[in-house]
Every structure is written in C-alpha cells, then in structure tokens.
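The values are calculated or read from the model by the stated rules, or taken from the named source; none is laboratory data. Not measured: the values here are computed from a predicted model. FYI the Cβ positions are ideal-geometry reconstructions off the backbone, even for glycines, and counts take in every protein chain you see. For accessibility, only protein heavy atoms count, side chains too; no ligands or nucleic acids. Shrake-Rupley method; radii C 1.70, N 1.55, O 1.52, S 1.80 Å.
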Amino acid sequence: MTGLALTRRRFGQAIALTIAFSMAPRVGAAEAAKLPGSLEGNRMLDAWLRVNPDGTVTLFTGKVELGQGILTALRQIAADELDVAPSRIRIVSGDTAQTPDEGFTAGSQSIEHGGIAVRYACAEARGILVKLAAAKLHGAPDELTVEDGTIAARDGKSLTYWALSAEAQLRREATASVMPKPPERLRYVGKSAPRLDIPAKVTGRASFVQDIRLPGMLFGRVLRPPTYGAELVSFDDARVRRAVGVVAVVRDGRFLGVVAGREEQAIAARDELARAATWRDETALPASADIYSYLKSLPAEDHVISDKGGDTPPPAALSSHAATYTRPYTAHASIGPSCAVAQFKDGLLTVWTHTQGVFPLRRDLAKALDMDVAKIRCIHVQGSGCYGHNGADDVALDAALLARGSGGRPVKVQWMRDDEFGWEPNGPAMIVELRASLGAGGAILDWTHDVWTNTHSTRPQQDGCNLLASWHLAQPKAPGKPAIIPQPAGGGDRNAIPLYDLPRQRVTHHFIRQMPIRVSALRALGAYANIFAIESFMDELAKAARVDPVEFRMRHLNDERAIAAIKAAATYAGWQPGVPGGTGKGRGFAFAKYKNLSAYLAVVVDVEIERRSGQARVTKAMAAIDAGQVINPDGLINQTEGGIIQAASWTLKEQVRFDAERITSRDWSGYPIITFPEVPDIKVTVLDRPGERPLGAGEAAQGPTAAAIGNAIAHATGTRFRDLPLTADRIKRVFG
Amino acid sequence: MADAIELSINGKMHRLRVSPDTPLLYVLRNDLELNGAKFGCGLAQCGACTVLVEGDAVRSCSYPVAAAQGRPIITIEGLGSVDRPHPVQRAFIAEQAAQCGYCINGMVMAATALLQRNPNPDHAAIRQALAGNLCRCGTHARILRAVARAALEMAP
Ligand code: FES
Ligand code: FES
C-alpha cells in the first residue's frame with residue numbers, strides 16, 4: 001500500500017495559484033502585527049490553503065489526526081469561511097515538506113491555535129477571491145454572494161473560485177484583516193459532521209501507519225536492554241544472522257535491532273537477539289511500595305505559583321483539615337503498539353510516523369542520526385490513539401536506524417506489546433498535599449496546595465535528544481533537560497491553583513528533576529491528580545461544614561460559566577442533596593475548568609460497591625461541558641465520553657508496576673484497563689456558546705471524572721480513599 | 001519451508017508458501033494486503049486482530065495458518081466496503097463509533113459473530129460478547145450503541 005503516502009504527495013503537487021500580485025503585501029515582516037493562533041508562526045496564506053482549478057481546495061495543517069476528529073473539525077471551519085462544500089476540501093496534515101509547523105498536536109490546543117489560523121486564513125482567501133471577482137464582474141465586493149465557490153453578482157453573472165485560482169494571489173503574508181463570519185452565518189460549524197475517517201476504518205481500508213506497504217519493504221524489530229541501565233557485555237550477531245529470513249542485524253552501542261523479509265521472521269529473530277546478548281545490569285529502581293516517600297526525598301525546586309492574602313493575619317478558624325492524595329505512574333497503553341516506516345534514498349531520509357509533532361521529531365532525528373534536518377522528511381500517518389507522548393517518536397528513530405542498515409529498502413518497525421509497556425514514557429507519579437481551614441458558615445478561610453512531581457513533558461525539545469534509542473548508541477546523545485511547563489497552563493502543576501475564590505491561598509509546585517521511571521506527557525498532565533485532590537478535598541470540606549457539596553462549590557465561585565456548568569450537570573443528573581451514604585451505592589460530583597483557561601466540565605457519577613470483592617463499579621456518568629463555541633457537537637461528545645471512560649479506567653484500575661530492576665507491567669494482564677462489562681452508561685450535555693472562543697476539550701473530563709468517582713465511593717462506603725487507583729483491594733480492606 | 005498452505009479468505013482461495021506455524025495475522029496483513037486485522041498484542045489479549053473462522057471470532061495473532069486450512073475465513077474487508085457496508089459496519093458509521101479506530105476491526109468482527117449466534121442480544125449479552133476486546137480511547141459507549149443498532153437493523 002503506497003496509497004496513503006502517494007495520495008498525500010499528489011495532493012501537494014496539485015497545481016495551484018501563482019502569478020499576479022493583485023494586492024501588495026501590506027507591511028514588512030519587521031513591523032508585522034501579531035496574527036491569531038498558529039498563523040503567527042506561519043504567516044504566508046498559501047502555507048495554509050490552495051485553491052485548485054479542478055474545483056477543490058487543499059488545506060494544509062500542522063495539526064494531526066489522533067482519533068480526536070481534528071481534521072473533520074478543521075474542514076468544517078474552512079468550509080464555512082470559504083463558502084465551499086466540505087467535500088471539496090482535501091487536507092494535507094503534518095508533513096515537514098508541505099505543511100505549516102504547528103509544533104505538537106497536544107494539550108487540547110488544536111482548535112484554539114490551529115482552528116483559528118485556518119479560520120482567518122480562509123476568511124482572507126475568500127476576501128481576495130471576491131475582490132478579484134468584483135473587478136471582473138464590475139460590482140462592489142459586498143454586493144457579491146458566494147455559494148459553494150461560485151461568486152455571483154446581482155445581475156446573475158458569476159465566476160468560480162476555480163476559474164480565478166490561477167490569478168488569485170495567496171503567496172502573500174496573512175493580515176488577519178478579514179473578519180471571520182459571525183456565528184449566525186455559519187452553516188457547518190456548530191453542526192455535527194460525520195468524521196471523515198470512520199468509513200475507511202470500519203471497512204479495513206488502509207488508514208494507519210501500520211497499514212503502509214512500500215515496494216521492497218522489510219520488517220524490523222528491536223530488542224531493548226533488560227533494564228533502563230543495562231550494558232551490553234557481549235553479542236553474538238552471527239547467531240542472529242543465521243535465523244530464517246534475516247536481512248540485517250544492527251548493533252550500535254546497546255541498541256540492537258533486526259531486519260527480516262517477513263514480519264513473523266523479524267519477531268522470531270528478536271527472540272534470537274535476546275539469546276545472543278549478554279547484559280551487565282546494575283539498575284536499581286526505588287521500592288515501588290515507597291515510591292511517594294522516595295520521590296519526596298529527592299531534591300526539588302520549589303515554585304510558589306500562587307500566593308494570596310498571606311499578608312493579613314490568619315483569621316480564626318473553626319476547624320482545620322489536611323489530606324494527602326497520590327497518583328501512580330500511569331501508562332498511555334495504546335492498543336496498537338508504536339510503529340514507523342523509514343527509508344533512506346539518495347541521502348534523504350523519509351519517515352512515516354504517528355508522532356504528535358513532525359517538525360520537533362525531525363529535529364531530534366537529525367540530532368540522533370547526525371544528519372542535516374533538510375535531509376529528513378517526516379510525514380504524519382495516523383496511528384493508534386496515543387493520549388500524549390507514547391512510543392511514537394522513539395519508534396521513528398528505531399525505524400531510521402534499521403533502515404540505515406538496510407541498503408535503501410524501506411523498513412517498517414512496530415514495537416511488540418512488551419516494548420510499549422516497558423519503555424513508553426509513563427504519566428508521572430504525583431503527590432498532592434492539601435490543607436484548609438473553615439470559618440463560620442462553612443467558608444474556606446485558608447488553602448494550601450503542595451504538589452510533588454517530575455516534569456510532565458520529555459517530548460523532543462530544543463536541547464538534547466529525547467528519542468529513546470539515541471541514549472543507547474555507541475555515541476549516546478544526552479536527553480534534553482527536564483523543564484517546567486510554565487503557568488498558566490502548567491505541567492505537573494496544571495490546575496493546581498484552585499478556581500474557587502478563596503481569601504488566602506498558597507500553591508507550591510515542588511519540581512523534581514530526577515526521574516527514576518521514564519515519564520512524559522499523558523492526557524491532562526498534572527491536572528488529573530490536582531483536580532482529583534482539589535475536588536475530593538472540596539467534598540471533604542463540604543462534609544465538615546455540613547453543606548451539600550454542589551452548593552459548597554457554588555458558594556466559593558464567582559465564575560459565571562463555572563456556576564452554569566455545575567448547575568447544568570446537577571440538573572441533568574437530578575442531583576439531590578442529603579442522600580444518606582454508606583449503603584454500598586453512592587453518587588459523586590466534581591467540576592473543573594481545564595487548565596483554568598479552557599473547557600468547563602462538571603460530572604455526576606453513580607457507583608456500586610460489590611461487598612464481597614470491594615470492587616467499585618461506575619454505573620453512570622452524566623456530564624455537562626462548556627467548550628465555548630462548538631465546532632462539531634458529536635465530535636465533542638465523542639471526545640468527552642472517551643475521556644470519561646479512560647479516566648474511569650485510570651482511576652479504578654491502573655498503575656504501572658515495577659520491581660527493583662524494571663517495569664513489570666508488560667502486557668494487558670499486568671496492566672488491566674477497563675472492559676465492556678465495567679464501563680458506565682454515559683450521558684453528556686453540551687452548553688453551546690456560539691459567541692465565545694472555541695476551547696479545547698479533549699482533556700477536560702480526566703480530573704473531574706476521577707474526583708467524582710472518589711466522591712461517589714466515599715459516599716457509598718463512608719470512607720475517603722485518597723490513593724489512586726481506587727482498587728477493590730483498597731476498598732475491601734475497610735468496607736466489606 | 002513446507003508445502004503450500006491453502007486458505008479460503010473472503011470467499012477466495014489463496015495458496016501461500018509460508019511456514020505452517022505462521023500466525024494467520026501476518027499472512028492476512030502482509031501477503032494478502034488486508035489491513036483490517038491489526039496487531040495489538042500478539043498475545044490473544046486485546047482482540048484487535050479478530051477475524052471470523054467458520055463464523056467464530058478468532059484471534060488471528062495467535063492462530064497458526066495450518067489450523068486455518070480448509071476453514072472459511074472472513075475478514076472485515078469481506079463483510080462489506082465503504083460503498084456497500086455490512087449492516088454492522090453501517091451501524092458503526094451511523095453511531096460514529098470510533099475515535100482512533102485501531103480497535104474497531106475487532107469490535108466489528110466480534111459483534112458480527114455475536115449477531116450470527118444471537119440475533120437478539122440484550123445489553124448485557126453485548127457487553128459480555130465484547131468483554132475480551134479492549135479499547136483505549138473509551139469508545140465503548142458508542143460501540144455498544146452501534147451493536148444494538150445493528151441487531152435491530154438485522155432483525156428478521
Ligand atoms: S493482537 Fe491478537 S489479541 Fe491482541
Ligand atoms: S477507538 Fe481507539 S482504541 Fe478503540
């Protein structure tokens with residue numbers, strides 16, 4: 001199957017606009033005004049779209065499809081601003097040779113940054129086309145109408161975009177001077193659009209990087225060291241070369257890989273690699289049972305990210321409260337192990353990859369391979385859902401290293417299940433300590449939040465090289481320095497500052513550089529545990545104050561949209577204050593505004609505890625979400641449902657296991673996730689706000705779902721559980 | 001390499017020279033260029049590689065081609081196409097039952113096997129039939145709706 005790759009290339013070659021400056025660029029780059037979203041870094045209009053004589057539009061985006069439906073949403077936006085049918089729009093996404101550099105597709109920012117760029121670029125392109133038509137039709141631009149790319153004058157004369165495409169000049173800097181349409185004039189945005197990719201995916205058409213087939217393609221597998229630090233003492237490569245079908249054996253330092261003519265031969269040869277290698281191993285991981293005290297014992301940089309009211313003397317409190325919450329290492333655990341295809345040809349390296357950022361990956365590949373970035377092309381092709389930084393980037397380097405040893409033939413590498421679990425960067429463990437005091441009427445007087453955690457991103461970055469195999473080469477590369485993701489978005493401290501209006505608060509991020517377990521970005525970053533802690537603690541305080549937890553939250557909020565979301569969820573679920581607890585059935589509530597600057601989500605969950613086992617089952621989840629202007633309501637609901645189910649899985653079941661040497665969760669029996677009999681019934685209601693900015697929503701459910709489950713279990717059992725995951729074992733010990 | 005293996009796949013006979021212990025998955029994907037069945041774990045734990053062998057949902061990652069000889073195999077490509085989808089595929093499209101879609105092959109195939117066995121499954125039976133199929137994106141709610149819709153559509 002070369003279809004995917006070739007089709008993309010063909011799109012890129014589609015003959016497009018050239019010639020004739022109808023309008024000169026307005027200002028020089030030096031004095032250029034700041035442009036919206038990703039337009040700022042990619043200022044040329046033709047970097048974003050081309051109008052083709054064959055009646056199509058090609059849209060270029062640096063954002064990539066991860067299963068979140070972004071390409072469908074971008075097409076809706078473009079169709080509206082251009083006034084063309086969505087079916088005319090072809091999308092090229094994430095290709096270092098063709099698309100704008102929009103960094104990573106992450107952090108629920110694709111609509112906020114990528115969508116707004118597409119919106120302004122398309123609005124401006126429409127303006128250029130209409131002006132051109134006005135001159136030819138002898139009418140004023142605002143008297144012309146556009147319907148599916150046909151520009152008509154009052155007298156009935158018309159011209160099409162496609163006829164004008166050669167003349168319309170899009171090779172010019174964007175000005176963002178043409179205002180996008182107001183909400184009431186949108187035809188596609190705001191309506192559920194079926195996802196572009198689903199028909200192919202349910203009928204077995206090539207959709208994924210795993211489905212790429214190139215002429216002469218070989219199959220590669222890698223063998224990682226048995227532990228993070230193991231050194232290769234001896235390696236009998238002749239033994240591996242004798243294995244059936246083996247074409248090449250690649251050893252570079254302690255990086256080992258094998259290339260074979262058939263996939264199952266490569267897999268069998270990987271077992272030979274294991275037999276042919278002897279390792280010396282002195283890796284010592286901290287004791288898993290004491291991981292939180294171990295992490296807290298490491299040197300930390302303390303960053304006070306919020307400090308307010310501390311200059312007045314503490315008011316007299318009626319009661320004081322403290323609680324500690326923990327979250328274990330959590331795996332991305334994609335269903336399809338990471339995969340890439342690489343080919344060296346005429347000194348150029350092409351990599352087909354499901355990375356979240358083709359440009360940052362290319363930069364790190366160049367460092368790892370000591371190549372010029374200009375000689376590397378990274379092309380995004382969808383992979384299995386990733387939910388953050390998994391093995392996608394790492395396997396791209398694996399494929400490149402194996403392709404370099406394979407004489408110009410393309411090599412496809414897919415990790416085995418144990419590679420993925422053993423080596424992916426996990427979501428970091430976290431410890432959150434909260435303290436608060438209550439005054440008269442249950443008012444929170446004072447609040448402290450301390451969070452200890454590692455960095456929440458070790459993605460490819462400017463300094464160092466963050467690709468796994470590069471650390472194992474004979475000339476190893478140094479990883480980039482772990483860095484803080486600054487507030488207001490934050491990393492480990494994401495959502496650590498409460499949205500509640502409190503008279504006194506102090507929030508400290510204790511940033512730990514040393515990483516005993518490999519970690520990086522996992523959906524919602526620190527927001528998951530910070531919100532779990534804050535929203536659990538709010539319930540604990542509400543209980544102490546003898547106030548209904550929903551009411552308690554609203555009393556401490558001024559944000560109108562927050563209050564609206566909370567009320568919507570409570571009404572939607574038929575929330576009743578004062579339902580007695582401890583019966584084995586419980587209901588819990590939680591809320592957050594993701595990153596304190598993105599989507600609002602409030603959720604009610606019902607749980608039932610099976611007394612015999614202690615197993616908590618979430619039977620229902622009912623959520624209300626406000627993501628500002630909604631582009632694709634069904635897409636938003638799909639993402640929110642998925643977020644709730646995944647968060648329920650993290651919260652009830654998930655923990656990466658390790659012993660003194662290595663990660664021991666290596667397959668689905670060692671890392672169980674939620675299954676069909678366990679998933680709740682879910683209902684999501686959307687608060688559409690057409691006049692507001694669209695907000696990223698893919699991560700909004702993670703924290704609130706966790707806390708709502710914790711609150712429901714506390715209601716059902718009468719006991720508060722503060723250590724994630726909330727497993728049967730833990731519950732059984734106190735309730736049964 | 002041993003004698004040729006003969007496989008009946010989506011109604012067509014194929015002769016292949018592969019080792020008899022080769023898991024069916026790699027023959028489907030690499031020799032026959034069928035993309036539907038996916039490698040997820042290779043351990044019969046996730047269901048991404050599911051195909052129908054004589055109507056039963058089978059994990060092709062752990063099913064040697066030798067065992068598949070003489071038994072009709074249906075893959076997701078054999079159910080229907082984008083232009084002429086099978087009712088189960090149509091239901092998955094109607095319910096927009098995919099996020100990344102990597103697991104969806106297994107869901108469609110397991111659901112098809114269920115509906116052949118039990119044309120009228122209740123919700124518990126659908127959940128049970130899919131209990132061994134993992135989805136990481138959390139598309140479960142939609143998948144359940146899709147299977148229920150397919151059951152209705154296919155009801156005699
Ligand atoms: S790939 Fe066959 S069950 Fe997972
Ligand atoms: S849709 Fe992504 S794993 Fe199921």
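Descriptive notes on the structure:
- Restricting the range A:206-216 to residues that are over 23 Å from the mean Cα position of the chain (by Cα) and among the small types (Gly, Ala, Ser), the residue that is nearest to the other protein chains (Cβ to nearest Cβ): A:206
- When restricted to residues that are open to solvent by 30 Å² or more (accessible area, probe 1.4 Å), in contact with a Phe, Trp or Tyr (Cβ under 8 Å, 6 or more places away or on another chain) and more than 16 Å from ligand 2 (Cβ to nearest atom), the range B:42-81 contains 1.
- Annotation note: of A:235, A:219, the sole residue that is of a type outside the set (S, T, N, Q) and within 14 Å of another protein chain (Cβ to nearest Cβ) is A:219.
- Residue count for the range B:82-131, restricted to those that are more than 14 Å from ligand 2 (Cβ to nearest atom), outside any helix (DSSP H, G or I) and more than 8 Å from every other protein chain (Cβ to nearest Cβ): 8
- Looking at A:463, A:539, A:493, just one residue is open to solvent by 10 Å² or more (accessible area, probe 1.4 Å), among the acidic types (Asp, Glu) and in a loop (DSSP other than H, G, I, E, B), and that residue is A:463.
- Checking each residue in the range B:59-81 for being within 9 Å of chain A (Cβ to nearest Cβ) and free of Cβ contacts under 8 Å to residues at least 24 places away in the same chain picks out B:80, B:81.
- Residue A:195 vs. criteria modelled with pLDDT under 95 and basic (Lys, Arg): yes
- Output for the range B:32-41, where each listed residue is within 16 Å of ligand 2 (Cβ to nearest atom) and either open to solvent by 10 Å² or more (accessible area, probe 1.4 Å) or within 7 Å of another protein chain (Cβ to nearest Cβ) (or both): B:35, B:36, B:38, B:39, B:40, B:41
- Elements of type helices (runs of 4 or more DSSP H) in the range A:114-205, at least 2 residues being under 30 Å from residue B:103 (Cβ atoms) and within 14 Å of chain B (Cβ to nearest Cβ): A:198-203
- The condition (being under 21 Å from residue A:394 (Cα atoms) and surrounded by 12 or more Cβ atoms within 10 Å (Cβ to Cβ)) is satisfied by just one residue among A:309, A:336: A:336.
- Matching option when the condition is more than 16 Å from ligand 1 (Cβ to nearest atom), touching a strand residue (DSSP E or B) at 6+ places or on another chain (Cβ under 8 Å) and modelled with pLDDT of 95 or more, among B:77, B:54: B:54
- Just one of the listed residues (B:49, B:41) is of a type outside the set (Ser, Thr, Tyr), near ligand 1 (Cβ under 6 Å from one of its atoms) and touching a strand residue (DSSP E or B) at 6+ places or on another chain (Cβ under 7 Å), and it is B:49.
- Index of the failed condition, residue B:34 passing every other in (1) more than 15 Å from ligand 1 (Cβ to nearest atom); (2) in a loop (DSSP other than H, G, I, E, B): (1)
- The numbered conditions (1) surrounded by fewer than 24 Cβ atoms within 10 Å (Cβ to Cβ); (2) in contact (Cβ under 8 Å) with a residue 40 or more places away in the chain are all true for residue A:59 except (1).
- Looking only at the range A:509-530, and only at residues there that are open to solvent by 10 Å² or more (accessible area, probe 1.4 Å) and out of contact with any Phe, Trp or Tyr (no Cβ under 8 Å at 6 or more places or on another chain), the one that is nearest to residue A:552 (Cα to Cα): A:525
- Residue satisfying all of: in the range B:143-156; closer than 19 Å to residue A:638 by Cα and surrounded by fewer than 24 Cβ atoms within 10 Å (Cβ to Cβ); nearest to the other protein chains (Cβ to nearest Cβ) among these: B:144
- Residue match in the range A:533-540 (condition: more than 22 Å from residue A:721 (Cβ to Cβ) and of a type in the set (A, V, I, L, M, F, W, C)): no
- Count of the range A:698-736 residues, restricted to those that are open to solvent by 30 Å² or more (accessible area, probe 1.4 Å) and among the acidic types (Asp, Glu), is 2.
- In the condition set (1) buried (at least 18 other Cβ atoms within 10 Å of the Cβ); (2) more than 16 Å from ligand 1 (Cβ to nearest atom), residue B:133 is compliant with all but (2).
- Filter pass, residue A:695 being assigned to a loop (DSSP other than H, G, I, E, B) and either of a type in the set (Ser, Thr, Tyr) or under 30 Å from residue B:129 (Cβ atoms) (or both): no
- Qualifying residue in the range A:241-253 (condition: closer than 30 Å to residue A:379 by Cβ, open to solvent by less than 40 Å² (accessible area, probe 1.4 Å), within 34 Å of the chain's Cα centre (by Cα) and within 14 Å of another protein chain (Cβ to nearest Cβ)): no
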